[in-house]
Amino acid sequence: NLNTYTILTTEANEKLTPIHARMPVILRSEQYGIWLASDSTLDTVRGLLTPFPSKEFDFHPVSKEVNSPKNNRPEFLQSL
């Protein structure tokens, strides 16, 4: 078996725009059912593909070493 996945992106929120034009779609837990329901309309699902609000989103700079899959250490997640 081959397990696969997809990361859906949308336009970046205000905080991320200076870094990149796109960001991953982030669903709230109350939206999971809509996303997974086979009877959700395409328009309903498209309505979920929006930027996550900047005020509820935080990030910090990390080491460039995270760019290599060989580097998988917890300290790379700490803010510089």
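Summed over region 9-27, the residues that are surrounded by 12 or more Cβ atoms within 10 Å (Cβ to Cβ) and part of a loop (DSSP other than H, G, I, E, B) give a count of 8. When the residues of region 68-80 are filtered to those that are surrounded by fewer than 10 Cβ atoms within 10 Å (Cβ to Cβ) and assigned to a helix (DSSP H, G or I), the one that is farthest from the chain's Cα centre (by Cα) is Glu75. If you filter region 17-67 down to residues that are without any contact (Cβ under 8 Å) to a residue 24 or more places away in the chain and β-branched (Val, Ile, Thr), you find that the one that is nearest to Leu80 (Cα to Cα) is Val62. Among the conditions (1) within 19 Å of the chain's Cα centre (by Cα); (2) of a type in the set (Ser, Thr, Tyr); (3) assigned to a loop (DSSP other than H, G, I, E, B), the only one that Tyr32 does not satisfy is (3).
Where a number appears in this text, it was derived from the coordinates with a stated rule and is not lab data. Values in this document were obtained by computation on a predicted structure and should not be read as measured data. Note that each Cβ is placed from the backbone with ideal geometry, even for glycine, and that neighbours are counted across all protein chains shown.
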